[in-house]
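Take a look at the structure set out below.
Each value in this text was obtained by applying a stated rule to the coordinates, not by laboratory testing. Every value quoted in this text rests on a predicted model; they were computed, and no experiment measured them. Neighbour counts run over all protein chains shown; Cβ positions are idealised from the backbone, glycine included.
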Amino acid sequence: MNPLRFALRLILLLLLILVLVFAAFNSSLVTIDAVFAGFSLPLGVALVAFFALGSLVGALGLYVSVVLRLKRDLKRARGAAAATPST
């Protein structure tokens, strides 16, 4: 196995253990009042869940702002290359 891949998996495993310990030590219940519903969660679970949700929203924003713009630019460049006659 590649040592870099092994190190990455080890870091991810340690991060997962850290998150689980964090969630276990923050077990007091908090009530979250959303627009249409309210629910109670342990504090650690709520923090980890909202951090993950924020990370996903940030990744989606990055995809929309960067990747889609690059795809549009590539499409334009290919169209321009096809429009120029080659000799």
For Asn26, the lone unmet condition from (1) free of Cβ contacts under 8 Å to residues at least 24 places away in the same chain; (2) under 18 Å from the mean Cα position of the chain (by Cα) is (2)
Provide a single number: the residues in the stretch 37-87 that are under 29 Å from Leu20 (Cα atoms) and hydrophobic (A, V, I, L, M, F, W, C). 18
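Determine if the stretch 29-42 includes at least one residue that is at negative phi, in contact with a Gly (Cβ under 8 Å, 6 or more places away or on another chain) and not in a helix (DSSP H, G or I).
Going residue by residue through the stretch 29-42, those that are at negative phi are 29-42.
Narrowing the set further to residues that are in contact with a Gly (Cβ under 8 Å, 6 or more places away or on another chain) leaves 31-32.
Those left that are additionally not in a helix (DSSP H, G or I): 31-32.
Yes, there is a match, as at least one residue in the stretch 29-42 is at negative phi, in contact with a Gly (Cβ under 8 Å, 6 or more places away or on another chain) and not in a helix (DSSP H, G or I).
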